[in-house]
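See structure below.
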């Protein structure tokens, strides 16, 4: 990725996510602004090379950031390049992409398309006529990341409304392989009367209010400690203003999720806090089970004014999996719960060989016409750049440079033949190149056609 940023970074560093905890990009907007929640939104021009800005037709009931969007009517994929950490070291981020069709094209035909990040397929976006659709991922990233949309159906052009990057603490979501990623399925505040996000949650996670049929809503009578020492997940204090619970110690809480029907590895965080002042003889302790099997060695007591955080990780689950919170054997009170986060764990992230990407970055520096292509040059299949052919390996290599007719001029930049040792074909015809043929071409072991 680093090689592709040489041209973009000087401009982008002024609005880098590393310079602020919240980077909010309003796609298609014409000016920067700050919304009522104190979140600053910036225009998307510095982050994207292509696409057309549009205003939506239907703006009733949606925030300002959904009044515009950027649509893409050409290329297999189109990407935003977002600098995160100029220092290059890994940091954990939350990335949220949102889509509001709003009949921007007057066709009353909401499209479906693929959403990608870096070299990985995020999922399929199914937009609707009047709803805001958003999806959220958590993963570790270095200098920069990319978010791409890709057309999958004829006549259905991808678009994007907003991109939000939120810097997280490295220990907030520790229970998954850092080479993989988390796809958010649910983030619920049980018993809450409203959606909770920034400024209540400094990381601007969106906690949706939730009720569970048959459960009582309890309101908090005390202040809850949500310091990092109390809860690694840093849940906001606002989610502990309420909880849901049963009226009987023998009645459990059955939790439903938005997990898919097929089994997937999951990462689930449950948060508990006491809602009332307990008597000396009162004990509220819970036992969490999955498909009838207890997930803990003993009971977990919910202490006054403290958060109990319970994590489920390195296990598989699906939409039918039974997750139950019940009163532990030593509990004198019924079970309660305040909040829940549910993630599925994505596959190991893939990327084109970094040395080869560096060479492509050098070529983009020499010929700015090539900077129209961003994101991973090979992945995910079949969304490679049009002027690059790639091998079919899980971690692909460049197999051909197809530079014919792109209006290139001047000399071909010098490069290490080792970095392009897998290239079999270089097509340079119908350009205006000059100067000597790079010595490296003669040393590329697999080059068959020049």
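The values are calculated or read from the model by the stated rules, or taken from the named source; none is laboratory data. Just so we're clear, the structure is a prediction, and the values are computed from it rather than from any experiment. So basically every Cβ, Gly included, is an ideal-geometry build from the backbone, and we count neighbours across all protein chains shown.
Tabulated values for the structure
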{"read-out": "Residue ID - nearest to residue 374 (Cα to Cα), chosen from residues in the stretch 26-39 that are in contact with a strand residue (DSSP E or B) (Cβ under 9 Å, 6 or more places away or on another chain) and assigned to a loop (DSSP other than H, G, I, E, B)", "value": "27"}
{"read-out": "Some residue of the stretch 100-110 being surrounded by fewer than 19 Cβ atoms within 10 Å (Cβ to Cβ), free of Cβ contacts under 8 Å to residues at least 24 places away in the same chain and closer than 27 Å to residue 36 by Cα", "value": "no"}
{"read-out": "Residue in the stretch 435-448 that is within 27 Å of residue 118 (Cβ to Cβ), surrounded by fewer than 15 Cβ atoms within 10 Å (Cβ to Cβ), within 39 Å of the chain's Cα centre (by Cα) and at pLDDT 90 or above present", "value": "no"}
{"read-out": "Residue in the stretch 96-106 that is within 15 Å of the chain's Cα centre (by Cα), assigned to a strand (DSSP E or B) and more than 17 Å from residue 160 (Cβ to Cβ) present", "value": "no"}
{"read-out": "Some residue of the stretch 226-236 being closer than 26 Å to residue 324 by Cβ, at pLDDT 95 or above and surrounded by fewer than 20 Cβ atoms within 10 Å (Cβ to Cβ)", "value": "no"}
{"read-out": "Test: residue in the stretch 305-327 that is under 23 Å from the mean Cα position of the chain (by Cα), part of a loop (DSSP other than H, G, I, E, B) and in the same structural domain as residue 206 (by TED's automatic domain parsing)", "value": "yes"}
{"read-out": "For residue 288: the one exception among (1) closer than 30 Å to residue 135 by Cβ; (2) in contact (Cβ under 8 Å) with a residue 60 or more places away in the chain; (3) buried (at least 20 other Cβ atoms within 10 Å of the Cβ)", "value": "(2)"}
{"read-out": "Sole residue being in the same structural domain as residue 37 (by TED's automatic domain parsing) and part of a loop (DSSP other than H, G, I, E, B), chosen from 81, 109", "value": "109"}
{"read-out": "Identity of the residue in the stretch 52-72, part of a loop (DSSP other than H, G, I, E, B) and touching a residue at least 12 places away in the same chain (Cβ under 8 Å), that ends up surrounded by the most Cβ atoms within 10 Å (Cβ to Cβ)", "value": "72"}
{"read-out": "In the stretch 237-246, the residues that are at pLDDT below 95 and either part of a loop (DSSP other than H, G, I, E, B) or touching a helix residue (DSSP H, G or I) at 6+ places or on another chain (Cβ under 8 Å) (or both)", "value": "241"}
{"read-out": "Single match in 133, 42 (criterion: assigned to a strand (DSSP E or B), without any contact (Cβ under 8 Å) to a residue 40 or more places away in the chain and touching a helix residue (DSSP H, G or I) at 6+ places or on another chain (Cβ under 8 Å))", "value": "42"}
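Conditions (1) over 23 Å from residue 209 (Cβ atoms); (2) touching a strand residue (DSSP E or B) at 6+ places or on another chain (Cβ under 6 Å); (3) not assigned by TED's automatic domain parsing to the domain that holds residue 201, marked per residue:
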position	(1), (2), (3)
234	no, no, no
253	no, yes, no
264	yes, yes, no
275	no, yes, no
291	yes, no, no
300	yes, yes, no
